[in-house]
Amino acid sequence: MPHDDLNQAHAHSVLPSDAELRVNALETLLIRKGLIDSEALDAIIDIYENKIGPKNGARVVAKAWSDPVFKARLLEDATATVAELGFYGRQGEHIVSLENTDSIHNLVVCTLCSCYPWPLLGIPPGWYKSDAYRARAVREPRKVLAEFGVVLENGEDVRVWDSTAEIRYLVIPKRPPGTEGWSEDALTEIVTRDSMIGTAILPVSE
Amino acid sequence: MIKRCAGPVFEEVWHAQLFAVTVHLNEGGHFKWQDWVANFGEMLQARGLNHSQNGGHDYFVAWLDALENFLSQKGIAQLNDLRDLRIAWQDAYLSTPHGDPIIVE
């Protein structure tokens, strides 16, 4: 077999997608220019894949349920209050907390793109970034909530909050019945990501 | 219906790479996050006029298109340089023997 044919047979036959090649090109160019470095990129990816996620927000909610003084401060100035727990940084510069009550249900969206409180919830899920959610959450929030299985039994008013690059929202869901006397750690375990966006209600705990 | 499914934080490696490049450049002071969001938002809106974006693959393709244009407008990365490097990466994939690392310096 001619040498060229041999090389061809053993070359990487599966070419990455156009997008992958373009991202490689972008990285290479920016590294050449000294504007980014690969170790810093790896560190950023590691943080969002492994270290930051909805558990942070769940801790904040559990503390708010357990400590009325903390909750009052959280509602007054969420950015400073969550920073005390170590939750600050990228996309957490101005956080506003919204309390769900028997008369108000809060729902968060970003109609522009996918602004989201990264330090508390991590990276948003795909549906939060979809056109369907971004457009319809504002236009027909009750229908969207129904698709998420949320039934507002008390006829709560629905308030939709549009996140921006400047303001991110954290919903404090209603504390489920049956959790009286639970520790903060135990409460943290039952707070879900969707409940802190407003697309879920926490069920009664047994 | 809004399609919901649990998945990894980033569905594909290049989504994570693209995200990290954008965050890293922002933190290096090369642009304000608000300016980036405004540009990206315009791109998403334009794409959404043609067909509904699902928030997954097409969202990150729009992100990539927007970032390339944004960096070009700011003089940070020229589009022709990016095109040349894309070809260099493609050539490297096609010519590197299997098992060897694929490198474009």
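The single condition among (1) among the β-branched types (Val, Ile, Thr); (2) more than 15 Å from A:Glu20 (Cβ to Cβ); (3) at pLDDT 85 or above that B:Val61 does not satisfy is (2).
Inclusion of B:Leu25 among residues that are in a helix (DSSP H, G or I), under 16 Å from the mean Cα position of the chain (by Cα), facing chain A (nearest Cβ under 7 Å) and at pLDDT 95 or above is warranted. Reported count of residues in region B:68-105, each being within 17 Å of A:Glu20 (Cβ to Cβ), among the β-branched types (Val, Ile, Thr) and either assigned to a loop (DSSP other than H, G, I, E, B) or at the interface with chain A (Cβ under 7 Å from one of its Cβ atoms) (or both), is 4.
Those residues that are open to solvent by 60 Å² or more (accessible area, probe 1.4 Å) and either assigned to a helix (DSSP H, G or I) or over 20 Å from A:Pro125 (Cβ atoms) (or both), I need them from region B:31-67; list them, please. Matches in region B:31-67: B:Lys32, B:Gln34, B:Asp35, B:Glu42, B:Gln45, B:Arg47, B:Leu49, B:Asn50, B:His51, B:His57. Whenever a residue of region B:80-105 is of a type in the set (Gly, Ala, Ser), its partners that are at pLDDT below 90 and open to solvent by 80 Å² or more (accessible area, probe 1.4 Å), lying with C-beta atoms within less than 9 angstrom and at least six residues away or across chains, give the pairs B:Ala92/B:Ile103; B:Gly99/A:His10. Taking every residue in region A:38-60 that is more than 8 Å from every other protein chain (Cβ to nearest Cβ) and pairing it with any residue that is outside any helix (DSSP H, G or I) and open to solvent by 30 Å² or more (accessible area, probe 1.4 Å), at least 6 positions away or on another chain, the pairs with Cβ-Cβ distances below 7 Å are A:Arg59/A:Leu85; A:Val60/A:Leu85.
Residue by residue, here is whether (1) within 19 Å of the chain's Cα centre (by Cα); (2) away from chain B (no Cβ under 13 Å) holds:
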residue	(1), (2)
A:Arg134	yes, no
A:Glu140	no, no
A:Asn154	no, yes
A:Trp161	yes, yes
A:Ala165	yes, no
A:Pro173	yes, yes
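From the list B:Val37, B:Val13, pick out the single residue that is farther than 17 Å from A:Asn24 by Cα, of a type in the set (A, V, I, L, M) and free of Cβ contacts under 8 Å to residues at least 24 places away in the same chain. After ruling out the rest, the residue left standing is B:Val37.
Taking residues in region A:78-105 that are acidic (Asp, Glu), and partners anywhere that are part of a loop (DSSP other than H, G, I, E, B), the pairs with Cβ atoms closer than 6 Å and at least 6 places apart or on different chains are A:Asp102/A:Asn154.
The values are calculated or read from the model by the stated rules, or taken from the named source; none is laboratory data. Here the structure is a predicted model, which is why all the values come from computation and not from measurement. We place every Cβ from the backbone using ideal geometry, glycine too, and count neighbours over all the protein chains shown. Keep in mind that these areas ignore ligands, DNA and RNA; they rest on the heavy atoms of the full protein, side chains included. Shrake-Rupley method; radii C 1.70, N 1.55, O 1.52, S 1.80 Å.
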